[in-house]
Every structure is written in structure tokens, then in C-alpha cells.
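This report refers to the structure that appears directly beneath it.
The values are calculated or read from the model by the stated rules, or taken from the named source; none is laboratory data. Remember, predicted model here, so these are calculated numbers, not experimental data. Here the Cβ is made from the backbone with ideal geometry for all residues, glycine too, and neighbour counts use every protein chain on show. All accessible areas refer to the heavy atoms of the entire protein, side chains included, with ligands and DNA or RNA removed. Shrake-Rupley method; radii C 1.70, N 1.55, O 1.52, S 1.80 Å.
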Amino acid sequence: MLKLSIEEFSRIQRYMLLAEKDSEVYKAMKERYIDLKVILMASGVNLTEIDRIKE
């Protein structure tokens, strides 16, 4: 589960960097980004190196 969450976190960030920040798509992706960030942080993953969005 941890591996899948890290891969999805990376993927969602890639898509967010391509989307307009004011778009509905970006807002929907941001919700998932936050969910994944919480899961990873609760699992003890250091996000310093893999968090490219920094929100």
C-alpha cells in the first residue's frame, strides 16, 4: 500500500504541475494530493524530497 501511495502521490503532482491552478481539475487533484500527503506522513514517509507542490 505504501508503494502505491508514493507512486500515486508522484503521479498526481505531475498532473497538478500541468494544470491551471484556478481550474476545477486542479482543485479536484489537490483534494487527492492532500489525502495522499496525510497517508504518507502518517506512515512516516519523509516528504521533503518527493513533494514538488509544497502546498
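Quick notes
- Leading residue by the ranking (nearest to Ile12 (Cα to Cα)) among those in region 33-46 that are free of Cβ contacts under 8 Å to residues at least 40 places away in the same chain and assigned to a loop (DSSP other than H, G, I, E, B): Asn46
- Test for Met1: is it surrounded by fewer than 13 Cβ atoms within 10 Å (Cβ to Cβ), at pLDDT below 95 and more than 9 Å from the chain's Cα centre (by Cα): yes
- Total residues in region 22-33, condition within 10 Å of Ile53 (Cβ to Cβ) and of a type outside the set (Ser, Thr, Tyr): 2
For every residue, the table says whether it meets (1) of a type in the set (S, T, N, Q); (2) open to solvent by 70 Å² or more (accessible area, probe 1.4 Å); (3) part of a loop (DSSP other than H, G, I, E, B).
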position	(1), (2), (3)
Ile6	no, no, no
Phe9	no, no, no
Gln13	yes, no, no
Ala28	no, no, no
Thr48	yes, yes, yes
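- Top-ranked residue in region 4-21 [being more than 9 Å from the chain's Cα centre (by Cα) and free of Cβ contacts under 8 Å to residues at least 12 places away in the same chain; ranked as farthest from Glu55 (Cα to Cα)]: Leu4
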